[in-house]
Amino acid sequence: MKIFLEGKWVDKSNKIEVRNPYDNSVIDTVPRADGGDVERALSFAERGAKVTAKLSGYDRWRILRQAADIMAARNEELGQLISKEEGKIIAEGRGETSRAVETIMGSAEEAKRIHGETVPLDGDPGGGKKLGFTLRVPCGVVAAISPFNFPLNLVCHKVGPALAAGNSVIVKPASDTPLSALKLTEILLEAGLPPEGIQCVTGSGGEIGDALVADRRVRKVTFTGSREIGDRICRMAGIKKVTMELGSNSPLIIMPDADLDKVAAAVALTGYGNAGQTCISTQRVLTAKKVYGDFLGALKPKVEALTTGNQLDEKSKVGPMVKESEARRVEDWINEAVAGGARLVAGGGRRGAIYVPAVVADVKPEMRISRDELFGPAVAVTPFDSMDEAIALANDTVYGLSAGIFTENLEWAMRFAREVESGNLHVNWGPQWRADLMPYGGLKDSGFGKEGPRYAVEEMTELKMVVFHLSR
Ligand code: NAP
């Protein structure tokens with residue numbers, strides 16, 4: 001595919017190969033943009049922001065609404081593309097497309113709801129003859145940098161609200177999965193978006209990222225990706241608005257009163273979806289000692305039933321990871337834990353980019369599969385004695401994106417919601433659950449700012465305060 005730069009589809013001789021992780025075959029190539037391309041994109045986007053700021057709320061609604069309809073009609077094609085470039089099973093590729101339709105549709109709805117409010121200035125001792133109100137205006141140029149694991153929906157979570165708010169966007173998708181973002185660009189143009197509204201530039205983040213995020217013409221950076229790159233972007237960005245959606249090692253607490261069949265079913269769904277490559281995947285399963293053995297017994301057959309294979313085969317339950325080096329990393333971390341005294345209860349082992357879904361028990365909190373973000377198809381199970389200990393273990397991390405608890409006890413559930421340091425909290429489900437309309441984002445090193453169209457539109461706009469100094 002080509003990149004969309006300065007209102008045109010542009011090719012380059014320097015390419016990035018996009019591979020199907022299942023068999024390593026090349027699906028397509030995309031241009032490898034350089035610093036000169038970024039400079040062109042920035043100056044075009046600066047002019048473009050003046051065009052998009054003039055679109056009415058109705059225009060922005062109509063374009064996004066039309067794009068959502070086109071995406072829905074092309075669900076199968078988009079689902080196949082996501083699945084091929086990322087490795088997730090085809091059912092998940094279709095599911096991601098359906099979610100992306102909701103994200104763009106939700107953004108369309110927000111385009112009609114951007115408003116300020118009157119401010120009761122007469123509440124101030126000197127404000128008697130003043131009339132005040134706020135205006136919400138677009139930021140201008142938005143740089144949207146996205147990760148590999150949801151190559152369509154996470155781009156929609158940035159592009160949808162940015163356009164709904166009247167900005168011009170430069171999208172920099174992940175180099176492993178750039179095709180879905182380019183397709184989305186095509187669809188938005190087909191839906192009537194002025195070409196000034198979007199550019200999609202593919203290229204190595206390490207090579208072009210700094211030039212993009214540090215530039216003063218960019219007024220808002222929205223980033224989803226790893227903590228390490230997020231940290232670098234925050235330091236490079238300077239004085240501008242920034243949203244950071246970063247990683248996690250999400251905990252799930254299993255209290256002694258939990259229904260273990262329900263818990264096991266939830267862990268099998270929330271720990272292994274997209275081969276565990278979900279930022280809120282259930283990773284650390286903290287289990288009350290009283291039910292520890294019974295829980296492992298209930299989980300084992302459910303995880304063993306997760307058959308692996310070609311992601312495009314409807315029978316596969318788990319596909320390859322995004323690339324073989326990632327599956328090798330997961331293998332190393334699990335081997336290291338087992339060498340340190342942890343116990344492989346189910347699965348394990350690697351074939352190319354496929355890592356067989358695993359359950360690792362007796363994991364010590366200081367082991368890498370517990371302490372760091374695993375981002376692979378395995379859960380780390382650790383016993384606890386008391387709720388105090390469970391909460392301390394859940395919070396013993398730099399991350400805070402999502403957490404879950406299984407209990408029927410209201411007091412315990414409420415204590416979990418109050419005391420666990422996490423942006424999303426789930427009672428009687430695993431950490432991996434998201435409705436695209438909800439406010440979504442992390443605490444601590446999992447980032448700051450919220451996504452979900454209504455909340456992202458706030459992050460993609462500036463608030464102006466207007467005061468009329470009246471004489472009577
Ligand atoms: P990543 O390695 O951090 O890459 C994310 C994006 O940043 C890619 O487009 C990458 O480009 C780009 N990038 C790399 N270096 C850069 C630089 N110096 N400046 C600017 N951009 C740069 O993350 P990933 O491996 O794709 O995704 C997995 C991570 O994302 C996990 O940590 C996961 O938890 C997190 N995530 C978080 C959420 C959330 O909502 N909180 C959702 C999904 C994923 P290249 O691909 O060209 O290197």
Quick check on my filter: what residues within region 286-302 are in contact (Cβ under 8 Å) with a residue 60 or more places away in the chain and surrounded by 17 or more Cβ atoms within 10 Å (Cβ to Cβ)? L286, T287, A288, Y292, F295, L296, L299
Can you go through P147, P125, P138, P195 and tell me which one is in contact with a Leu (Cβ under 7 Å, 6 or more places away or on another chain) and more than 14 Å from the ligand (Cβ to nearest atom)? P195
State whether one or more residues within region 148-160 are more than 30 Å from K315 (Cα to Cα), at pLDDT 95 or above and assigned to a loop (DSSP other than H, G, I, E, B). no
Can you tell me which of L152, L131 is within 16 Å of the ligand (Cβ to nearest atom) and touching a residue at least 24 places away in the same chain (Cβ under 8 Å)? L152
Would you kindly identify the strands (runs of 3 or more DSSP E) lying entirely within region 388-472 that contain at least 2 residues that are over 18 Å from the mean Cα position of the chain (by Cα) and surrounded by fewer than 19 Cβ atoms within 10 Å (Cβ to Cβ)? 461-469
Checking the conditions here, which among T118, T29, T52 is surrounded by fewer than 21 Cβ atoms within 10 Å (Cβ to Cβ) and within 30 Å of L135 (Cα to Cα)? T118
Anything in region 267-285 that is crowded, with 24+ Cβ neighbours inside 10 Å and of a type in the set (A, V, I, L, M)? List them, or say none. V267, A268, A275, I280, V285
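Residue by residue, here is whether (1) without any contact (Cβ under 8 Å) to a residue 60 or more places away in the chain; (2) in contact with a Leu (Cβ under 6 Å, 6 or more places away or on another chain); (3) surrounded by fewer than 16 Cβ atoms within 10 Å (Cβ to Cβ) holds:
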| position | (1), (2), (3) |
| --- | --- |
| I3 | no, no, no |
| D11 | yes, no, yes |
| I16 | no, no, no |
| Y22 | no, no, no |
| E39 | no, no, yes |
Could you grab me the full set of residues in region 347-387 that are within 16 Å of the ligand (Cβ to nearest atom), touching a helix residue (DSSP H, G or I) at 6+ places or on another chain (Cβ under 7 Å) and part of a helix (DSSP H, G or I)? R368, I369
Subset of region 198-231, residues more than 9 Å from the ligand (Cβ to nearest atom), under 20 Å from G441 (Cα atoms) and either touching a helix residue (DSSP H, G or I) at 6+ places or on another chain (Cβ under 7 Å) or in a strand (DSSP E or B) (or both), comes to K220, T222
Would you call T177 farther than 22 Å from M465 by Cα, within 16 Å of the ligand (Cβ to nearest atom) and in contact with a His (Cβ under 8 Å, 6 or more places away or on another chain)? no
Of the conditions (1) within 12 Å of the ligand (Cβ to nearest atom); (2) part of a loop (DSSP other than H, G, I, E, B); (3) not hydroxyl-bearing (S, T, Y), M236 satisfies every one except a single condition; which number is it? (2)
Based on what the data block shows, is V171 surrounded by fewer than 24 Cβ atoms within 10 Å (Cβ to Cβ), in the same structural domain as P21 (by TED's automatic domain parsing) and outside any helix (DSSP H, G or I)? no
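Of everything in region 276-290 that's part of a strand (DSSP E or B) and within 16 Å of N395 (Cα to Cα), which residue is farthest from the ligand (Cβ to nearest atom)? Talk me through it step by step, then tell me what you get.
From region 276-290, those part of a strand (DSSP E or B) are 284-288; that's our starting set.
Retained after the next criterion (residues that are within 16 Å of N395 (Cα to Cα)): 284-287.
Working: R284: 14, V285: 18, L286: 20, T287: 23 Å.
Among those residues, the one meeting the criterion is T287.
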Just one of (1) within 14 Å of the ligand (Cβ to nearest atom); (2) of a type outside the set (V, I, T); (3) surrounded by fewer than 19 Cβ atoms within 10 Å (Cβ to Cβ) trips up P256, so point out which. (1)
Scanning region 396-411 residue by residue, those within 16 Å of the ligand (Cβ to nearest atom) and among the β-branched types (V, I, T) turn out to be T397, V398
A266 fails exactly one of (1) within 30 Å of I70 (Cα to Cα); (2) more than 16 Å from the ligand (Cβ to nearest atom); (3) within 23 Å of the chain's Cα centre (by Cα), namely (1)
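The values are calculated or read from the model by the stated rules, or taken from the named source; none is laboratory data. Keep in mind the model is a prediction, meaning the values are calculated, not measured. Backbone-built Cβ (ideal geometry, glycine too); neighbour counts: all protein chains shown.
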